[in-house]
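Below is one structure; the comments refer to it alone.
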Amino acid sequence: TSLDYPYPLFISAMHMLWSFGACGFYLRHEMGILQRYSPTQYLQQIVPISVFSSASIACGNLALKYIYPSFNELLQQTSAAVTVVVGVFIFGKRYNFATYLSMLPVCGGALLCGHGEVNFVLLGALSAIGSVFFRALKNTMQGDLLNGSLSSLELLFVLAPANLVFFLIGSLAAEGISPVWEAASSPSIMLGLIISSFLACAFNILTFMMLKLLSPVGAMVVHSMKTPGMLITSWALFGNPVEPTQIVGFVIITAGVYYYRVNGGEITPETVSAEV
């Protein structure tokens with residue numbers, strides 16, 4: 001049974017509210033620790049991540065108004081390479097040669113998998129590229145926090161309030177107060193919000209764990225496997241045809257991901273000391 005509740009911004013706000021409450025309860029009562037931020041620290045370290053996250057979502061939604069989803073998906077496959085560029089030129093990170101080399105099969109194979117009719121509208125293409133750029137900024141900053149003193153649960157806890165504010169403002173401006181009235185008058189919608197909020201909280205925690213374990217670039221490399229995964233799922237469940245070029249693309253991506261996992265990585269003082 002599907003629910004007629006077309007309010008994505010309000011749903012996202014409820015996801016953040018649930019994440020804040022659930023993570024806060026666990027951190028305080030089970031682990032006995034709770035990261036504290038001064039207003040200045042919060043504005044400098046946390047709010048920019050929420051701004052970049054909101055900008056990425058907004059650009060992605062705007063792109064879909066002007067270009068086909070297939071073309072948008074093609075542009076999204078550059079995420080791993082853009083994350084490397086952002087890390088080098090904005091955050092001053094250094095990567096070994098294998099990382100740069102792995103971008104060729106990862107992005108190239110994904111482009112082969114994400115075939116489709118390409119319609120070019122400048123505003124739509126720029127919006128899609130903007131979505132990739134802001135996501136790279138967000139993931140890199142999140143990765144730096146996770147490599148510091150924050151756990152995945154703590155990061156979700158401190159990010160949730162800022163995300164909640166941005167989503168609520170966007171929901172009020174674009175969706176009005178209808179989401180509140182419709183949810184309050186429908187137990188099935190309320191139950192759906194609770195279930196989806198629980199799943200979203202779990203998904204966010206797993207995403208942050210992946211960032212911590214794989215690094216922002218590694219997470220985007222693995223994320224490139226999404227396209228062939230969708231192709232295989234649609235073929236297995238719905239019998240959708242798979243083109244030979246897509247099979248070749250899948251093999252190329254897999255080889256690129258394996259090469260990155262074995263040889264790629266960021267150059268840090270720790271890795272330099274280990275080599276010496």
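The values are calculated or read from the model by the stated rules, or taken from the named source; none is laboratory data. Note that the structure is a prediction, hence the values are computed from the model and not measured. A quick note on method: Cβ atoms are made from the backbone with ideal geometry, for glycine too, and the neighbour counts reach across all protein chains shown.
Here are some notes:
- Residue in segment 197-205 that is farther than 18 Å from Arg261 by Cβ and more than 16 Å from the chain's Cα centre (by Cα) present: yes
- Residue in segment 58-66 that is crowded, with 18+ Cβ neighbours inside 10 Å, within 30 Å of Thr268 (Cβ to Cβ) and at pLDDT below 90 present: no
- Count of residues meeting criterion [modelled with pLDDT of 90 or more and either under 17 Å from the mean Cα position of the chain (by Cα) or of a type in the set (A, V, I, L, M) (or both)] in segment 168-183: 7
- Taking helices (runs of 4 or more DSSP H) as the structural unit, those lying wholly within segment 178-244 and holding at least 1 residues that are closer than 18 Å to Leu17 by Cβ, small (Gly, Ala, Ser) and touching a residue at least 12 places away in the same chain (Cβ under 8 Å) correspond to 178-184, 187-223.
- Any hit, segment 69-79, residues being of a type in the set (Phe, Trp, Tyr), surrounded by fewer than 20 Cβ atoms within 10 Å (Cβ to Cβ) and touching a Gly at 6+ places or on another chain (Cβ under 8 Å): no
- When residues of segment 24-57 are limited to those that are of a type in the set (Phe, Trp, Tyr) and modelled with pLDDT of 85 or more, the one surrounded by the most Cβ atoms within 10 Å (Cβ to Cβ): Phe52
- The selection criterion, being among the aliphatic types (A, V, I, L, M), in contact with an Asp or Glu (Cβ under 7 Å, 6 or more places away or on another chain) and either at pLDDT below 90 or surrounded by 13 or more Cβ atoms within 10 Å (Cβ to Cβ) (or both), does not hold for Leu3.
- Across segment 97-125, the number of residues qualifying as modelled with pLDDT of 75 or more and more than 14 Å from Ser215 (Cα to Cα) comes to 18.
- Of Ala128, Ala174, all but one fail to be surrounded by fewer than 13 Cβ atoms within 10 Å (Cβ to Cβ) and touching a Leu at 6+ places or on another chain (Cβ under 7 Å); the exception is Ala174.
- Residues within segment 83-97 that are touching an Asp or Glu at 6+ places or on another chain (Cβ under 8 Å), surrounded by fewer than 13 Cβ atoms within 10 Å (Cβ to Cβ) and farther than 20 Å from Val262 by Cβ, tallied: 0
- Any helices (runs of 4 or more DSSP H) falling wholly within segment 36-140 and containing at least 2 residues that are more than 21 Å from the chain's Cα centre (by Cα): 97-113
- Test result for Ser152, among the hydroxyl-bearing types (Ser, Thr, Tyr), farther than 21 Å from Cys59 by Cβ, under 17 Å from the mean Cα position of the chain (by Cα) and buried (at least 20 other Cβ atoms within 10 Å of the Cβ): yes
- Residues in segment 50-105 that are charged (D, E, K, R) and over 24 Å from Met141 (Cα atoms): Lys65 only.
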